[in-house]
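I have a structure I would like to understand better, so I am pasting it below and will then ask my questions one at a time.
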Amino acid sequence: MNQMLQTIMERRSTRKYNEKPVSEEQLSDIVEAGRFAPTGGNSQTVHFVVITNAEIRKELRGLVKDAFARMELQEGQYASIQNAIRLSKRGTYAFDYHAPILIVVANRKGYPNAMADSACALQNMMLEAESLGVGSCWINQLHWLDENPTIREFLKPLGISGEETICGALALGNYDEKQAVKPRTGMKADYIR
């Protein structure tokens with residue numbers, strides 16, 4: 001098995017991070033992997049906001065928790081959104097798992113490939129993080145709250161303009177111990193020859 005396929009198969013989402021900092025070189029390499037992801041028509045409109053400031057992350061975490069706490073559970077609602085609402089109402093929700101780095105990924109509003117291009121960038125960054133021994137977790141909560149005026153107002157001075165949609169985010173940090181790789185069967189693939 002080649003190294004890239006092994007990295008893909010071993011990567012898992014990290015939800016517990018330690019205090020050991022991710023080096024500037026590692027962070028730079030991870031962001032570069034995202035910056036050079038493929039984009040539709042080579043548009044290159046994906047925008048990364050890398051937040052390492054602990055106070056900013058803490059304030060954003062509180063705003064996200066408050067936004068979900070104001071929501072009501074609904075029948076048929078996506079399970080992760082229900083979980084965010086429940087934990088926020090209890091006051092225990094940390095959408096970013098207290099990771100020391102959060103990368104917000106945005107793209108042009110109305111651009112048909114915004115999500116696809118951003119997903120390629122997020123995947124590239126997760127795989128580069130794994131290859132460097134850095135834990136990562138794709139975060140959807142800011143995408144779910146993309147139209148929340150409080151969240152948008154908070155992100156504006158950080159560089160997310162009103163002309164952009166938040167497509168996702170990435171939590172990054174070092175883990176205490178590499179979590180056990182649970183076996184995956186993989187998704188279905190049919191070959192038509």
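The values are calculated or read from the model by the stated rules, or taken from the named source; none is laboratory data. A quick note: this is a predicted structure, and the numbers were derived from the prediction, not measured. All Cβ positions, even for glycine, are placed from backbone atoms using ideal geometry, and neighbour counts span all protein chains on display. All accessible areas refer to the heavy atoms of the entire protein, side chains included, with ligands and DNA or RNA removed. Shrake-Rupley method; radii C 1.70, N 1.55, O 1.52, S 1.80 Å.
Say a site is exposed when it is one of the GluC sites (Glu not before Pro), sits in a DSSP loop, and has at most 14 other Cβ atoms within 10 Å; what is then the longest site-free stretch of the chain?
76-146
Within region 92-190, report the trypsin sites (Lys or Arg not before Pro) that DSSP leaves as loop and that have at most 14 other Cβ atoms within 10 Å.
Answer by residue number: Lys109, Lys178, Arg184, Lys188.
Still on this model: Taking a threshold of 19 Å on the Cα-Cα distance, which of the pairs Lys109/Lys156; Lys89/Lys156; Lys65/Lys182; Lys16/Lys182; Lys58/Lys89 fall above it?
From Lys109/Lys156; Lys89/Lys156; Lys65/Lys182; Lys16/Lys182; Lys58/Lys89, over 19 Å: Lys89/Lys156; Lys65/Lys182.
Using a simple charge model, +1 on the beta-carbon of Lys and Arg, -1 on the beta-carbon of Asp and Glu, nothing else, what dipole does the chain show about its Cα centre, in debye to the nearest 20?
Using only the charged Cβ atoms, the result is roughly 620 debye.
Would you mind calculating the relative contact order of region 46-193 from Cα pairs under 8 angstrom and at least 6 residues apart, reporting the percent as a whole number?
30
OK, next. Under Stokes-Einstein, with the Kirkwood radius over Cα pairs standing in for Rh, what whole-number D in µm²/s applies to region 73-126 at 20 °C and 1.002 mPa s?
For these conditions, the coefficient is 156 µm²/s.
Rounded to the nearest whole Å², what accessible area per residue is found for region 90-175 with the 1.4 Å probe?
Each residue of region 90-175 exposes 37 Å² on average to a 1.4 Å probe.
Quick one: accessible surface of Ser161, probe radius 1.4 Å, all protein chains present, in square angstrom to the nearest 10.
Ignoring ligands and nucleic acids, Ser161 comes out at about 50 Å².
In the chain, carbon and sulfur make up what percent of the accessible area (probe 1.4 Å)?
The C+S portion of the solvent-accessible surface of the chain is 51 percent.
Still on this structure, please answer the following. Taking a ≥ b ≥ c as the square roots of the Cα gyration tensor eigenvalues, with a/c under 1.5 meaning rounded and otherwise prolate when a/b beats b/c, else oblate, which class fits region 103-193?
Oblate is the answer for region 103-193, as a/c is 1.5 or above yet b/c matches or exceeds a/b.
For region 58-113, give the magnitude of the charge dipole about the Cα centre (Cβ charges: +1 Lys/Arg, -1 Asp/Glu; no others), in debye to the nearest 20.
Using only the charged Cβ atoms, the result is roughly 100 debye.
Considering only DSSP beta bridges whose two residues both sit in the chain, what percent are antiparallel, to the nearest 5?
Of the beta bridges lying entirely in the chain, close to 95 percent run antiparallel.
List the trypsin sites (Lys or Arg not before Pro) within region 25-77 that DSSP assigns to loop and that have no more than 16 neighbouring Cβ atoms inside 10 Å.
Sites meeting the loop and neighbour criteria: Arg70.
Also, quick follow-up: Provide the descending list of Cα extents for the chain along its principal axes, expressed in whole angstroms.
49, 40, 40
I've got another one for you. Answer rounded, prolate or oblate for region 41-111, using the Cα gyration tensor with square roots of eigenvalues a ≥ b ≥ c: rounded when a/c is under 1.5, else prolate when a/b is larger than b/c, else oblate.
It comes out oblate by the Cα gyration axes.
Quick one: if the Förster radius is 22 Å, what FRET efficiency do Ser80 and Leu158 give, using the C-beta to C-beta distance and rounding to 0.05?
Approximately 0.35, to the nearest 0.05.
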